[in-house]
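Step one of this worksheet: look at the structure below.
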Amino acid sequence: MSMKLPPFLRALVAVGTLATACGPGDEPTRPPDSGTSVDAGTQNDAGTGTDAGSSTVDAGGGGEDGGRSIDAGPDADAGSESDAGTTVDAGTTVDAGTTVDAGSESDAGTTVDAGTTVDAGTTVDAGTTVDAGSGDAGTTDAGTTDAGSGDAGTTDGGSDSDAGYTKIRIMAANITSGNGQDYDQGHGIRLMQGVKPDVVLIQEFNYKANSTADIREMVDTTFGPSFSYYRETGAQIPNGIISRFPIIESGEWKDTQVSNRDFAWARIDIPGPHDLWAVSVHLLTSGSGVRNTEATNLVKFIKDNVRESDYLTIGGDFNTDSRSESCLTTFKQVVTTVGPHPVDKNNKDGTNASRSKPYDHVLVDNDLYQYRVPTVIGASSFANGLVLDSRVYTPLSEIYPALSSDSGASNMQHMGVVKDFLTPNF
């Protein structure tokens, strides 16, 4: 006759049996990502390649529009680019425009471990856990998006996701130096490292021999291997987008006014129901009329391709002499251009080398504009965004490893522009 055990003893026996069956090494397996992605550092970027053999005019001494010839348009400005006026193929202008060091700021105390769920256990709206890695979207566009489209939860200092919102720092960076219109000298790299942007609208995206490995090395060194990028093909001074969030689609739209670059764009999967469309531009120095033609063409591309429900940012080197230029009026059809505008530590808003003209911009549509927040770097706060000039930034330790001299490096003709946004994940 068997002995009947009390209920609590039967429960203990059952637990012991289960523990023996599972064993100490049987960890649950994480299911694969439903979207197609490629491991950073292994995917080839079709937009990356050596620009050898380009039919465009050599940048020569590193000045904008090739050879630093005098701009036939507005008055020359110290440190501003000049337009060679060289035309290629029946009037197509070759513009070699150099960029400015887009400095980067460090945001102490807000780093989130890559891939770590933000505020683990914190729930929003009846227990829905907020995961900074949410929104690993769709398939990667083979041949246009570089690997490294890591989990959106991989956060670099200065960005965070908390309580159902994601902070996104967008930077316009035409910050090359030296004679090659490239980032080989390291000045621009240090500036970007200092401000730690999440999305970079970069110009003159050249590094070493421009092989896929070279560009991947630059992105890894500056931002980390989890970042994705798109770099346009067949351009002497290509535009591009770098992002800590996955790039799920990318390409370029033709700029009919110039032959050595186009408008680079990327659709980025940020947390939440809306994607972020980022467009990196480098408008010509040859005059406001030409820039307005470029803006008109770009606005049409945007209206034809970008969903109104998504967020949009246009940024980079506009080469604008004033904030009332016609191209900015044209861009008002798709983005907000009103002030107040980003400033430096001395409350100055010019972005060319002599700080007298608004060459560089980060513009966003009304949907994203409503979520703007101050740019906070260390103990410093910039209510409307930052114009990064390391020559005047104090304390310099806040934008380490940037050096005071970086923004004044040889052929550094622009300052970086940074704006921050806090977007809902729902």
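Throughout, read-outs are computed from the coordinates displayed, never taken from laboratory work. Here the structure is a predicted model, which means the values were calculated and not measured. Backbone-built Cβ (ideal geometry, glycine too); neighbour counts: all protein chains shown.
Points to keep in mind about this one:
- Exposure proxy shown here: for LEU386, LEU403, LEU312, the number of other Cβ atoms within 10 Å sets the order, fewest to most, as LEU403, LEU312, LEU386.
- Exceedance of the 18 Å cut-off in Cα-Cα distance is limited, within the set LYS348/LYS419; LYS196/LYS419; LYS196/LYS348, to LYS196/LYS348.
- Orientation-averaged projected area, Cα convex hull of the range 123-424 (nm²): 14.2
- Averaging the sequence gap over all C-alpha pairs within less than 8 Å and six or more residues apart, then dividing by the number of residues, gives the range 123-424 a relative contact order of 20 percent.
- P(r) for the range 301-340, from all Cα pairs and a bin width of 10 Å, is 23, 56, 21, 1 %, short bins first.
- Positive minus negative residues near LEU298 (Lys, Arg vs Asp, Glu; Cβ under 15 Å): -3
- Residue-normalised convex hull volume from the C-alpha trace of the range 294-413: 121 Å³ per residue.
- Net charge, ASP184 excluded, C-beta distance under 12 Å - Lys, Arg +1, Asp, Glu -1: -3
- In sequence order, the range 284-292 has phi-based couplings of 6, 8, 6, x, 5, x, 5, 4, 5 Hz under the Karplus curve 6.51 cos²θ - 1.76 cosθ + 1.60, θ = phi - 60°, and Gly or Pro positions carry x.
- For TYR207, TYR369, order by how many other beta-carbon atoms lie within 10 Å, fewest first: TYR369, TYR207
- Local electrostatic count, THR330, Cβ distance below 15 Å [Lys/Arg +1, Asp/Glu -1]: +1
- Close amide H pairs (under 5 Å, H built 1.01 Å from N) link THR336 with VAL364, ASP365, ASN366, residues at least 5 positions away or on another chain.
- Relative contact order %, the range 308-361, counting alpha carbon pairs below 8 Å whose residues are six or more apart: 47
- Stretchable slack from LYS332 to SER405, in nm (0.36 nm times residue separation minus alpha-carbon distance): 22.7 nm
- Cα gyration tensor shape of the range 355-426, rounded if a/c is under 1.5, else prolate or oblate by comparing a/b with b/c: oblate
- Per-residue Cβ neighbour rank within 10 angstrom, fewest leading, TRP277, TRP265, TRP253: TRP253, TRP277, TRP265
- Enclosed volume per residue, in Å³, of the convex hull spanned by Cα atoms of the range 267-323: 86
- Extension gain from ARG323 to GLU308, taking 0.36 nm per residue of separation minus the Cα-Cα distance: 2.9 nm
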